There are 8 protein chains.
Amino acid sequence: MQAVVSIIMGSTSDLPVMEEAAKILNDLRVPFELNALSAHRTPEEVEKFARSASDRGLKIIIAGAGMAAHLPGVIASMTSLPVIGVPIKATLEGWDAVLSILQMPPGIPVATVGLNAARNAGILAAQMLSLSDTELAGRLADFKKGLKAKVVKANEELRQIKFDYKADA
Amino acid sequence: MQAVVSIIMGSTSDLPVMEEAAKILNDLRVPFELNALSAHRTPEEVEKFARSASDRGLKIIIAGAGMAAHLPGVIASMTSLPVIGVPIKATLEGWDAVLSILQMPPGIPVATVGLNAARNAGILAAQMLSLSDTELAGRLADFKKGLKAKVVKANEELRQIKFDYKADA
Amino acid sequence: MQAVVSIIMGSTSDLPVMEEAAKILNDLRVPFELNALSAHRTPEEVEKFARSASDRGLKIIIAGAGMAAHLPGVIASMTSLPVIGVPIKATLEGWDAVLSILQMPPGIPVATVGLNAARNAGILAAQMLSLSDTELAGRLADFKKGLKAKVVKANEELRQIKFDYKADA
Amino acid sequence: MQAVVSIIMGSTSDLPVMEEAAKILNDLRVPFELNALSAHRTPEEVEKFARSASDRGLKIIIAGAGMAAHLPGVIASMTSLPVIGVPIKATLEGWDAVLSILQMPPGIPVATVGLNAARNAGILAAQMLSLSDTELAGRLADFKKGLKAKVVKANEELRQIKFDYKADA
Amino acid sequence: MQAVVSIIMGSTSDLPVMEEAAKILNDLRVPFELNALSAHRTPEEVEKFARSASDRGLKIIIAGAGMAAHLPGVIASMTSLPVIGVPIKATLEGWDAVLSILQMPPGIPVATVGLNAARNAGILAAQMLSLSDTELAGRLADFKKGLKAKVVKANEELRQIKFDYKADA
Amino acid sequence: MQAVVSIIMGSTSDLPVMEEAAKILNDLRVPFELNALSAHRTPEEVEKFARSASDRGLKIIIAGAGMAAHLPGVIASMTSLPVIGVPIKATLEGWDAVLSILQMPPGIPVATVGLNAARNAGILAAQMLSLSDTELAGRLADFKKGLKAKVVKANEELRQIKFDYKADA
Amino acid sequence: MQAVVSIIMGSTSDLPVMEEAAKILNDLRVPFELNALSAHRTPEEVEKFARSASDRGLKIIIAGAGMAAHLPGVIASMTSLPVIGVPIKATLEGWDAVLSILQMPPGIPVATVGLNAARNAGILAAQMLSLSDTELAGRLADFKKGLKAKVVKANEELRQIKFDYKADA
Amino acid sequence: MQAVVSIIMGSTSDLPVMEEAAKILNDLRVPFELNALSAHRTPEEVEKFARSASDRGLKIIIAGAGMAAHLPGVIASMTSLPVIGVPIKATLEGWDAVLSILQMPPGIPVATVGLNAARNAGILAAQMLSLSDTELAGRLADFKKGLKAKVVKANEELRQIKFDYKADA
């Protein structure tokens, strides 16, 4: 099975955040791979990865990083594939990671999602792939319907709560 | 009993914050309802709710949300009823929720209260309703008097504390 | 003509911001008054004003202030009328005014609008008054319809712009 | 010519920022359209647009907004097409727009680019479309090569500068 | 014993922070009193306190408050005695309290100390009183000498630490 | 005439801010001196100044500085006289100066006033001196009365403004 | 063994952060010393230390401090040796320490590393010393190679994780 | 003349900031070179530069960048030479550049100076080089003496200012 999405992180300490991207891609049946790469500790491996990504059949790269988070931007500078950046909260409430990923200079965009929002990164990747994959588009549509379930369930629980002046549901 | 205030939240995880609005409305004998609605997961339900709110007899809507908190503003764009927004702290110390609710564009105000300040949202709703409900105004005035009790009690406790150079109380 | 809304500011240097509240109330035919009061320079006048506001027939108070902006909160502590706070940008990008108004302690809410958003404060006041004034509610509904005009006009202007790869409008 | 990218903004005051997206799409020969829509002033039009976007042949939506910037997120909640959000600086240095777009809740991602970075939004859209359009991919690769020209030219200019202790270039 | 410093707080929940001011004043033998007052819940008591402070023999007022912390500024507007403000961290990392106390408008200064720095507030009060009390000045000088003890002790502890490449102390 | 307040700044570029302290002290007839000292460029002069300040008859030191503003804190570490710190805005909106002055460690307080608020620093110095100078206390009381004049004048100007729905003043 | 790096901190409460600098210097066989000095509590000792540092054979000073962190800058003002500053998080998420160290005025640089990043301070010191010590340069090169090991190990761990749609590693 | 310091920037738009580093190095007679390199637009050139820097005789690299400023960190990951990072203000008041450079992950330090502080970067480079160049150390010592001149001159100017209550200088 050929991976079309590559999920990259700098160390396994980022795994609890980044595995949410893997889980949703798995649920949506999008083949993916997991890689450890560091913009600063393994710059050659990052370059090798980025330069060969398209030839290896990858379509989208999801890169998570914390602090001065250069990984998503560095990869984006070496490939024309869309790169989705996940800022990971490590210090300073995560502001360093958010700004280091979001504020890319002209010409080299990174599609940034919210702090620690790896699950949203996976969904965004699936949305991009759905543009030329109608079956995936269908699974995504089902997924979006499922999002309402939590809200419906919440309403049921709110109905249980008793107050004297609460109106009848 | 017809609800005049509707308290809205996106999920039951917001309930520990938002139930403070329900409690104070209950104490002030203002009929209210609790609803789960999500600007992003159930946009049709949000619209249906907002469009029919006035016809259903609602006077004021209290909406709490965290992160990129669109719920209060989206409802405000679909009704002329006053909407009170409660930013809920979820990440980034709550700055995202505060700014997403407070900084509404010209023409569509949201009456924003402090971070997690659902109790104040309930009091504010009661103040608005008191403009045409003198009995409620009386109960509110009593409530305001009660606020001093805590300060009086604090003074008594401070008087117990012993220091050599503390002046006689 | 009895004012039902009082617009308060600390000095005439705040007038360019705060007169937007006056203009929209004027357009919506809501009787209002303009006052200069300072939480720090005229504390007795502030108290006299706040204590008598309801008896004088006022329904809503709009208070704008910058820096350590205490005026809205101080007034809110002395009346049960709804107080709408307008943070005015003077220094530190306005963060001081936003937080000094928004983050009121439990029991004393201020309905805060966005930075310099006096026009939204006026609209919010009209929304509160509409709860018991159906004619004003009608004018507000007309106003809300008018908000779309700018967007429609924007669309027409966007249609004029020529690019080779722009789709036919 | 069928638009595949729709560039959306709330008013023509956002055009100086957002036309950079149009220009780069034009340069890359990607058919696009320009629309004025407001999450708060024209919620019905936003919904109509978002619900029909895919059927109309659109592939990607670029939405720019300032302040409490709800437009990108609201559209993302009503379509499975990828939505690229452009925070526009209007007040508070743009922090409100950045956080209102970036920090979307789980399930509804917005691919956020930097503050006022509409040009990067256009490039990101082209990167997504290139996944199934090899000719566009070629043009994008050419574009990326062109990015170096500015740096080469900068080097030539730096060589002109005279200092006694500057090494020979 | 006549109090010359009054330490004010809004509730006993602020006591763990504010008692540090009491402790250092006690150590320096400066007669003080402890009071609970709230700018918003007991505005009349605040006024009565501030207006009579000087006549009661008070010289300096130390006021601590959190959130939209109006207490120090409100008191400063009603007396010419120096008011020392202690921002107390309650939410938003304490930024709201810092800005609400520090950024007072022209004419009404509050001598602000760091976040939760009630001990420094007590020392600052003693420094002011020392201007006309040479015995207190002597005790303060002794206190300042004592500050070095902690650093000397730290040096001794650092000397115990063993590393191969640590130089001999 | 013996100076009792010393106003210190790092360079004449700070004079437009700091001369406001001189002006108000002059108006209140408090003898003062102006000095240029830099915590980083003239550390010996700073030490000489701080160590001899009390012996020279100085009572209070007002120190203004921008960026990583160490001057007020460094002086405070070398004297027991009260030091009033004025953060001066130079970069980063002034946040660096505010935090470098306000957040002094335990034992060495600096009485911090708002950003660029040298006038308030002068008033605060006068308030401290008034504790043992009843004539100055009288002039300060007169000054405080004068603060109301601006508000009264503002009210007169607001009365001139014409709107159809403005209530009669 | 003559220390060439001096690691300075204000109290032993900073040791858990600052000992990381000692550990890496020890690993790289760079002779160092540990000192407790406080810009505010022991200003004379700071001066004595800084003035004699070069004569004592020290080459580089690493100074860690929290809050209004003046220690690195004060030392830098009294020596021409490179000073590396380590902001230590104590309050306000560490923003006060970062800005008080980083934003030094023109003429007196401090080489600032990230929040709590004492280990990086030690590495930076070793990099500076390597400029004239080829053996140390060799050990540093080995160290840099070792940084990849963690990433390689991370990759092995990621390969263990099982998902249905995960590509074969 | 062999350059020992390389000053790098992404484009000539950064030159007005970065030439301050060149000027001070020139004044201190430190041979330097100026280069344009972009972490994102010319990643191969960055790598080639960084890998060969030491062999070419460079001792120190000064890299300036704005926004998500990856250049200093990327170079630091590819060489063991000390890298001095200069955050350049472009947007968001420069916070993005500060955090992207300062908050480097463990193992790869960047010696960060203040926002736009290229002159301090040059001085810091000279301080590092002085460790093994006593002539340069002498010129640096002279330079440091010169820093006082501005403060002395400021004092003379302050002496000219006339106020009635200004003490005799």
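Could you please find all residues in the range C:1-24 being closer than 16 Å to B:L131 by Cβ and touching a helix residue (DSSP H, G or I) at 6+ places or on another chain (Cβ under 7 Å)? If the condition is that a residue be closer than 16 Å to B:L131 by Cβ and touching a helix residue (DSSP H, G or I) at 6+ places or on another chain (Cβ under 7 Å), then C:V4, C:V5 are the ones that fit. Residues of the range A:156-169 that are modelled with pLDDT of 90 or more and surrounded by 11 or more Cβ atoms within 10 Å (Cβ to Cβ): A:E156, A:E157, A:L158, A:R159, A:I161, A:F163, A:Y165, A:K166, A:A167. So, of the residues in the range H:31-54 that are among the small types (G, A, S) and facing chain D (nearest Cβ under 8 Å), which turns out to be farthest from H:V4 (Cα to Cα)? Per the stated criteria, the residue is H:S38.
Condition check: assigned to a helix (DSSP H, G or I) and within 13 Å of chain E (Cβ to nearest Cβ). Does B:G122 satisfy that? Considered against the rule, which asks whether it is assigned to a helix (DSSP H, G or I) and within 13 Å of chain E (Cβ to nearest Cβ), B:G122 comes out as no. Within the range F:146-162, does at least one residue satisfy the condition of being touching a helix residue (DSSP H, G or I) at 6+ places or on another chain (Cβ under 7 Å), of a type in the set (A, V, I, L, M), more than 28 Å from C:L28 (Cα to Cα) and not in a strand (DSSP E or B)? There is no residue in the range F:146-162 that is touching a helix residue (DSSP H, G or I) at 6+ places or on another chain (Cβ under 7 Å), of a type in the set (A, V, I, L, M), more than 28 Å from C:L28 (Cα to Cα) and not in a strand (DSSP E or B).
Within the range H:26-40, can one find any residue that is part of a helix (DSSP H, G or I) and without any contact (Cβ under 8 Å) to a residue 40 or more places away in the chain? Yes, the range H:26-40 contains a residue that is part of a helix (DSSP H, G or I) and without any contact (Cβ under 8 Å) to a residue 40 or more places away in the chain. Going through (1) more than 9 Å from chain E (Cβ to nearest Cβ); (2) modelled with pLDDT of 95 or more one by one, G:L28 falls short only on (1). The set of residues in the range D:134-169 being within 9 Å of another protein chain (Cβ to nearest Cβ) and either within 18 Å of A:L58 (Cα to Cα) or touching a residue at least 60 places away in the same chain (Cβ under 8 Å) (or both) consists of D:A137, D:L140, D:A141, D:F143.
Only residues that are surrounded by fewer than 24 Cβ atoms within 10 Å (Cβ to Cβ) and either within 30 Å of G:A141 (Cβ to Cβ) or within 18 Å of the chain's Cα centre (by Cα) (or both) were counted across the range G:34-48, and they come to 1. Just to be sure, is F:L115 assigned to a loop (DSSP other than H, G, I, E, B), within 30 Å of G:G64 (Cβ to Cβ) and among the aliphatic types (A, V, I, L, M)? Against the criterion (assigned to a loop (DSSP other than H, G, I, E, B), within 30 Å of G:G64 (Cβ to Cβ) and among the aliphatic types (A, V, I, L, M)), F:L115 qualifies. When residues in the range F:3-25 are screened for being assigned to a helix (DSSP H, G or I), more than 9 Å from chain H (Cβ to nearest Cβ) and crowded, with 24+ Cβ neighbours inside 10 Å, 2 of them pass. In the range C:65-85, of all residues being touching a Pro at 6+ places or on another chain (Cβ under 8 Å) and touching a residue at least 40 places away in the same chain (Cβ under 8 Å), the one that is farthest from C:A125 (Cα to Cα) corresponds to C:G66.
Restricting attention to the range E:127-138, the residues being crowded, with 16+ Cβ neighbours inside 10 Å and not in a loop (DSSP other than H, G, I, E, B) number 6. The sole residue among D:G10, D:G66, D:G73 that is touching a strand residue (DSSP E or B) at 6+ places or on another chain (Cβ under 8 Å) and either basic (K, R) or modelled with pLDDT under 95 (or both) is D:G10. Search the range E:88-106 for residues being at the interface with another protein chain (Cβ under 7 Å from one of its Cβ atoms) and assigned to a loop (DSSP other than H, G, I, E, B), and hand back the single one that is surrounded by the fewest Cβ atoms within 10 Å (Cβ to Cβ). Among residues in the range E:88-106 that are at the interface with another protein chain (Cβ under 7 Å from one of its Cβ atoms) and assigned to a loop (DSSP other than H, G, I, E, B), the one surrounded by the fewest Cβ atoms within 10 Å (Cβ to Cβ) is E:P106. The set of residues from the range F:112-126 being under 17 Å from F:E93 (Cβ atoms), among the polar types (S, T, N, Q) and crowded, with 24+ Cβ neighbours inside 10 Å comprises just one member, F:T112. Residues in the range E:55-79 that are within 13 Å of chain C (Cβ to nearest Cβ) and either part of a loop (DSSP other than H, G, I, E, B) or surrounded by fewer than 24 Cβ atoms within 10 Å (Cβ to Cβ) (or both): E:M67, E:A68, E:A69, E:H70, E:S77, E:M78, E:T79. Taking the conditions (1) in contact with a strand residue (DSSP E or B) (Cβ under 7 Å, 6 or more places away or on another chain); (2) within 30 Å of D:I88 (Cβ to Cβ) in turn, H:L99 satisfies each one other than (1). Residues that are of a type outside the set (A, V, I, L, M) and without any contact (Cβ under 8 Å) to a residue 12 or more places away in the chain were ranked within the range G:113-133; the one that is farthest from H:A126 (Cα to Cα) is G:N120.
The values are calculated or read from the model by the stated rules, or taken from the named source; none is laboratory data. Quantities reported herein were computed from a predicted structural model and do not represent experimental measurements. So basically every Cβ, Gly included, is an ideal-geometry build from the backbone, and we count neighbours across all protein chains shown.
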